[in-house]
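See structure below.
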Amino acid sequence: MTFLQTLGGLRLHGTDLAQRLPLLVLAYLVIEGPTERQRLRGLFWPEAQSQGNNMRVVLAKLRASLPDLPLSGDVLRAELPCDALELASAPDPEALYQGAFLHGVSLTGLGEELYEWVLSTRERLALDMQYALTARAEAAPSPAEAARLAAQVLAVPGAAPPDLSLLRRLHALALPGSLLDRQLGDARRELDLDGSLSPAAGPPDRFPAAAPPGRLLGRGAEVSQVLAWLASPPAGERRLVQVSGPGGSGKSLLAGTVLLERQHLGGEVLHLDLEVLRDELDVAARVASGLGLQLPDQGDPWLALTLALDVRTRNAPLLLALDGADGVTGLELALPRLLAAAPGVQILLTRRTPLWEARAHLRLGGLPLPELTDPDLLLAQNPAVQLFLRAAGPDLRVREEGDLGLIAALVRRLQGLPLAVQLAGSWTRHLSLAQVHAAVESGQVVGPGLGTLLAPLLARSWDLLSPGQQQVLSRLAGLPDWSAASAREVAGLDDPARAALLASGLLLEQGGRVQVLPVLAHWIAGILPLSGAARTLQAAHHLDLLRRLDPMDPLLRDEAGNLAIALGWQFSRPGELDPGSGATEEDLLLVSRLGTYFERRGLFSVGVRALETLEGQTGSPGLRLALQTQRAWLAFRSGRHRDAEGLSRRVLAASPDALTLRVRMWASNVLAVTLGHQGRGGQAAVFLRQAALLARQLGDGGREAMYLGNLALMLKDLGEYAEALGALRAAQAYHRQWGQPEHAHFEELRSIEVQLDDPEADPLEIWEAARASERALEGSGFQGWVGKAVYFQARAALLAAEPGAALRLAREVHTALETFPDPTFQAAAWIAEAEAQYALFRTPEARRALSLAAQACLDLGDEVGLLEVLLVLAADLRYEAPAFGEKLLAVVARHPRSNAAQRRRAAQSPGTDEVPGDLRALVTEGLALFG
């Protein structure tokens, strides 16, 4: 059958036609209907000299593939089945909407009017899809399902930003404090940037209060108690309320209701599902991400988080719901630290068991149960009975006398446990009410480990699945959670299976990810264990993602746990390890990619722990050393320099039989970077030379060039300028050989930087080289590099005693870096401007520029920049505070982070006093002398 696909691409199914223009013309005719030939010419070839010839070629190709279409005459028409036309009336629009309209189709060369038609059609079809999903969400049987569908609305590919009407409908469906709730708030604020929305629409940072699609049943007293504890914690206790109870007792829904109450009162809330997390460092990263906070790359994540939250919550308290925290270690220490440092934070913690004993602790059991003697009117109002009816759905009709009594007997037998009641209610889609009652009364326990009440219910729900659905659930139970795409590809979770498993209550979905009901996952592993082949397939899939995708790819955002598990499976495979080091090149590649993933994602401390866990899962000495090397690098990135040095030295001291050249190369580089950061440049250069030599032995020219470039800057700081320039020439040669001109330009800039510190270099030659680099980089898109080239010209002009030119060039740096800001070079440009102003005998202007440079360096924590400020400052203070100026020069001459050029400039006053360690205090004190 011939079918035109325009959603998610452009393809004419049933034919071999694949050329862009004929398919675009066909899509326009099918969607817009009969169109005059002359109008098509103007749309598709507005600037062409031979519109008629272009049209004839396109129509000839269409007629060859579609001979039955009437593609002749002055008015052209094409009627074909097309997804864009069927979307509005499709019974399952999700299956039809494979992506944005004409996704991936190049629009280059199209006329402006046609381009606008593509964009407007794309947004119109996406809006149709959004409204279809919203309608489904509003009819969902539970708040969780409604929120899941509502989250998909904002993720519809090709959609324009939602209007206020759609935002209001979605807000009524969002769980309070969830990611969706925060996204909707951000979108609302963007619509109301000028404050022009009517007051009736609510405050700028909130939506109008709206009830969720399903209300919490039978927990009014519990919600009131939690709110009372939050408003007034018991004497001597933390601002933390614990809610505990068995799996399925409704802890998450109660937490969501509490958050909704607080949100309606104007408070800020954040809900985090911690079911799949295992480490308190993951929790810190998730909280920061949920609140849009940027934590520093190095140091203790919890310390940084507490400081950021203290500032954020001083005027706007935050209620933080940590839901399902049973598997997370370390919270008993982290949460008290957070509460002590951030008085504006309150925490609602849900677990199966409490984290510690406290009075602000609510233990949930079952819902209130109906009495044996209650009439039907009271039975129908009982929360447990209402929950059963809600789970059963609209198809269950209570018609016969005694049906409500039968349901009441069921919920009493189930002790009112919400999950148990919902599971039994869902059975009515397959069984009669009497059969459901008989199944519950039989009380057959099929598997251990689920508890005496839930075991038979979950087992019965399992039995109601088809064998294929059971296999899918078994595969999904192998990992903590899954992206929708991976679940479909690896576990076979297609749309029908997904719908059935979600309806059964055994599969959960939140934020675009699915997971097996946590209380069921271990039981499934005992009943239908994951086969070795299935585990290998899951590991291969996730490791392929690790190899193939950039670490910042959205598909890898939430995969940290799965990637580590997959690599653990890979390393524990029997009979495949090398008898020597046991580390294959493929294994080393995966270790390197995982380390890069944690680094690029900013998960330094989390990565250190994950890699340490992997060390215990492999019997290969070589792999353990590779993992330790990556641990060392992540430890350095997190500010743990002692750990980084110790681990890298341990690796380098290992037996040569286990230590491969590649791991030795990695460890040498890590140790070099760590030592260099501590100001031990001479030792660092030794190890970096070793890393470059090992890269050459491995034939890894790209890494050798990278190490040589870094070595050159290290040698520059040591004053070994000739060797530094030689290393850069070698790096440039490699980049030119492999057709990488942009990298060669970068190394040329480094060469200029080295020469600027070399007292034997000619300033005019440096100036000309920097000017040539600027010309070569113009139009390259590397605006930051252009700014550096201009800055180096300013430095060369100062050395050439041309302060006027230096001042002009320094000011140009700020303009050049406007489109690609580099704070470090902005600060350096202020220093160059200050030096030029001093040389022009304009001390007030120079001091203003130097103050700006100093503040920028203080903000950045740039010690090298601060040392440069001290040098310029010392020259100024020679007249007003000569003793203090001499002290500054002594500090620069003896400071471990100063480079050879800085020490040479300060050498006239080496000093004998102990060097102060706080450069910030020195700079601040010196600037104060300006008056």
*Please enumerate the residues belonging to the range 826-848 that are surrounded by 22 or more Cβ atoms within 10 Å (Cβ to Cβ) and at pLDDT below 90.*
ALA827
*Where residues in the range 492-504 are open to solvent by less than 30 Å² (accessible area, probe 1.4 Å) and touching a residue at least 24 places away in the same chain (Cβ under 8 Å), which of them is nearest to GLY393 (Cα to Cα)?*
SER504
*Report the residue count in the range 200-227 for those that are modelled with pLDDT of 85 or more, small (Gly, Ala, Ser) and surrounded by 13 or more Cβ atoms within 10 Å (Cβ to Cβ).*
0
*Of all the helices (runs of 4 or more DSSP H) wholly in the range 469-546, which have at least 1 residues that are at pLDDT below 95 and within 19 Å of TRP427 (Cβ to Cβ)?*
495-504, 518-527
_Residue in the range 114-137 that is most open to solvent (accessible area, probe 1.4 Å), counting only those that are among the acidic types (Asp, Glu) and under 19 Å from PRO93 (Cα atoms)_ = GLU123
*asked:* open to solvent by 20 Å² or more (accessible area, probe 1.4 Å) and either touching a Pro at 6+ places or on another chain (Cβ under 7 Å) or in the same structural domain as LEU590 (by the TED database) (or both): is that true of ALA654 in this structure?
replied: yes
*Only residues that are out of contact with any Lys or Arg (no Cβ under 9 Å at 6 or more places or on another chain) and either modelled with pLDDT of 80 or more or closer than 14 Å to LEU419 by Cα (or both): list them for the range 437-452, please.*
ALA438, LEU450, GLY451, THR452
*asked:* If I ask for residues that are crowded, with 16+ Cβ neighbours inside 10 Å and either touching a residue at least 40 places away in the same chain (Cβ under 8 Å) or not hydrophobic (A, V, I, L, M, F, W, C) (or both), which ones from the range 741-751 would you list?
replied: HIS743, HIS745, GLU747, GLU748, LEU749, ARG750, SER751
*Would you mind finding the one in GLU79, GLU94 that is closer than 30 Å to ALA135 by Cβ, touching a residue at least 12 places away in the same chain (Cβ under 8 Å), charged (D, E, K, R) and open to solvent by 50 Å² or more (accessible area, probe 1.4 Å)?*
GLU79
*State the number of residues belonging to the range 752-811 that are open to solvent by 50 Å² or more (accessible area, probe 1.4 Å), more than 39 Å from the chain's Cα centre (by Cα) and touching a residue at least 40 places away in the same chain (Cβ under 8 Å).*
2
*Just checking, how many residues over the range 594-617 are free of Cβ contacts under 8 Å to residues at least 60 places away in the same chain, closer than 21 Å to GLY639 by Cβ and buried (at least 20 other Cβ atoms within 10 Å of the Cβ)?*
8
*asked:* Of everything in the range 255-278, what is under 17 Å from LEU355 (Cβ atoms) and either assigned to a helix (DSSP H, G or I) or at pLDDT below 80 (or both)? Give them in sequence order.
replied: ALA255, GLU275, LEU277, ARG278
*Only one residue in SER620, SER638, SER655, SER648 is out of contact with any Asp or Glu (no Cβ under 7 Å at 6 or more places or on another chain), in contact (Cβ under 8 Å) with a residue 60 or more places away in the chain and of a type in the set (S, T, N, Q), so which one is that?*
SER638
*Only listed residue being modelled with pLDDT under 85 and open to solvent by 10 Å² or more (accessible area, probe 1.4 Å), chosen from GLY917, GLY926*: GLY917
*Would you say SER581 is closer than 16 Å to THR674 by Cα, crowded, with 24+ Cβ neighbours inside 10 Å and at pLDDT below 90?*
no
*Residues of the range 37-67 being within 14 Å of GLU113 (Cβ to Cβ), in contact (Cβ under 8 Å) with a residue 24 or more places away in the chain and surrounded by fewer than 19 Cβ atoms within 10 Å (Cβ to Cβ), which ones?*
GLN38, GLY42, PRO46, GLU47
_Wholly enclosed helices (runs of 4 or more DSSP H) of the range 606-683 bearing at least 1 residues aromatic (Phe, Trp, Tyr)_ = 621-637, 661-677
*Could you list, in sequence order, all residues of the range 646-690 that are among the aromatic types (Phe, Trp, Tyr) and within 13 Å of LEU711 (Cα to Cα)?*
PHE687
_Restricting to the range 307-363, count the residues that are surrounded by 14 or more Cβ atoms within 10 Å (Cβ to Cβ) and free of Cβ contacts under 8 Å to residues at least 24 places away in the same chain._
1
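The values are calculated or read from the model by the stated rules, or taken from the named source; none is laboratory data. Note that the coordinates shown come from a computational prediction; the quantities given were computed from them, not determined experimentally. Ideal geometry is used to build each Cβ from the backbone, glycine not excepted, and the neighbour counts take in all protein chains shown. Only protein heavy atoms, including side chains, enter the accessible area calculation; ligands, DNA and RNA are left aside. Shrake-Rupley method; radii C 1.70, N 1.55, O 1.52, S 1.80 Å.
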